[in-house]
Amino acid sequence: MNLDILAIAAHRDDVEQTCGGTLLKMAERGHRTGILDLTRGEMGTRGSAEERAAEAAEAAKILRVSWRHALDIPDGRVENTWENRLKVARVIREQRPRVVILPYWEGRHPDHYTASKLGYEACFLAGLAKLDIERALSTQQSAFSQVASAVASVVAREKQGSTVSESLAPHRPFKIIYATLYFDIRPTFVVDISDQFEARFESLMAYKSQFSDQEAGKDIFPARDEIRARIESMARFYGMLAGVTYAEPFLQKEVGLVEDVTGIPVKSI
Ligand SMILES: [Zn+2]
């Protein structure tokens with residue numbers, strides 16, 4: 001089953017902060033949604049990668065996400081390399097999303113803006129008919145891991161039968177949109193998440209090791225009430241721009257296409 005929407009982000013909990021309400025809203029409308037986290041959070045001040053995996057699964061449940069996976073790109077070292085582009089492109093071919101949500105391409109955290117470029121270029125690569133991703137990945141890796149991945153791909157093929165080659169056929173998403181919450185830029189559109197705001201907040205709170213009130217790392221991580229106030233004021237601000245209570249901001253590079261000018265939403269005066 002293909003995904004309708006795939007959100008790609010550097011860290012577990014990024015999607016919950018930037019576009020979780022939108023993912024939940026799309027799932028409620030019957031779309032199949034997914035999240036690809038590029039890293040596993042092993043560099044986090046609090047909690048282990050294992051704890052974060054369990055928390056990410058809980059958050060995905062709250063957001064009614066159908067598919068979630070974390071790649072093994074090192075946390076704090078998301079680089080736009082050929083190998084990383086291939087890894088993301090493989091996921092795009094497997095999951096075949098119509099829409100991909102990427103982080104905005106500028107920002108404070110290098111992992112975030114690098115994930116944007118990496119994601120865009122992977123979407124492009126995934127559509128190249130002559131690119132054999134498995135082969136390209138195995139020539140990229142060392143002799144030892146080549147053997148391991150060859151064994152793994154044989155096992156995967158045996159498990160899935162003939163669907164493997166079919167599922168890895170070229171695919172390019174129709175639409176790429178950018179979640180801009182981490183950067184101060186005017187969005188080109190917002191999604192009304194007034195009905196999803198509470199659940200989105202709970203999905204973020206599922207990362208208990210990061211966000212609960214505790215002593216370790218207290219200077220870096222504000223307590224739950226403070227997070228709530230920040231998240232709420234951001235969502236209110238973007239909601240206000242469109243005349244709704246809460247919204248999430250996005251940017252598309254393309255222009256909007258309109259059939260009927262009497263139906264354009266958001267009041268001018
Ligand atoms: Zn992040």
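Observations, loosely collected:
- Within region 105-115, the set of residues being touching a residue at least 60 places away in the same chain (Cβ under 8 Å) and within 12 Å of the ligand (Cβ to nearest atom) comprises Gly107, Arg108, His109, Asp111, His112, Thr114, Ala115.
- Scanning region 17-37 for residues that are within 10 Å of the ligand (Cβ to nearest atom) and either in a loop (DSSP other than H, G, I, E, B) or more than 10 Å from Ile101 (Cβ to Cβ) (or both) yields Gln17, Asp37.
- Under the condition of being more than 8 Å from the chain's Cα centre (by Cα), within 12 Å of the ligand (Cβ to nearest atom) and crowded, with 24+ Cβ neighbours inside 10 Å, the residues counted in region 3-16 number 3.
- Residues of region 38-50 that are assigned to a helix (DSSP H, G or I) and away from the ligand (no atom under 16 Å from the Cβ): Glu50 alone.
- In region 17-43, the residues that are open to solvent by 10 Å² or more (accessible area, probe 1.4 Å) and not hydroxyl-bearing (Ser, Thr, Tyr): Gln17, Lys25, Met26, Ala27, Glu28, Arg29, Gly30, His31, Arg32, Arg40, Glu42, Met43
- Single unsatisfied condition, Asp75 versus (1) open to solvent by 50 Å² or more (accessible area, probe 1.4 Å); (2) within 16 Å of the ligand (Cβ to nearest atom); (3) assigned to a loop (DSSP other than H, G, I, E, B): (1)
- Among residues of region 167-198, those that are part of a loop (DSSP other than H, G, I, E, B) and over 17 Å from Pro97 (Cβ atoms), counted: 13
- Unique match (being surrounded by fewer than 16 Cβ atoms within 10 Å (Cβ to Cβ), modelled with pLDDT of 95 or more, in contact with a helix residue (DSSP H, G or I) (Cβ under 7 Å, 6 or more places away or on another chain) and on the phi < 0 side of the Ramachandran plot) among Glu198, Glu202: Glu202
The values are calculated or read from the model by the stated rules, or taken from the named source; none is laboratory data. All values reported here derive from a predicted model rather than from experimental measurement. No Cβ is skipped: glycine too gets one built from the backbone with ideal geometry, and neighbour counts run over all protein chains shown. Areas reflect the complete protein model, heavy atoms only, side chains present, ligands, DNA and RNA absent. Shrake-Rupley method; radii C 1.70, N 1.55, O 1.52, S 1.80 Å.
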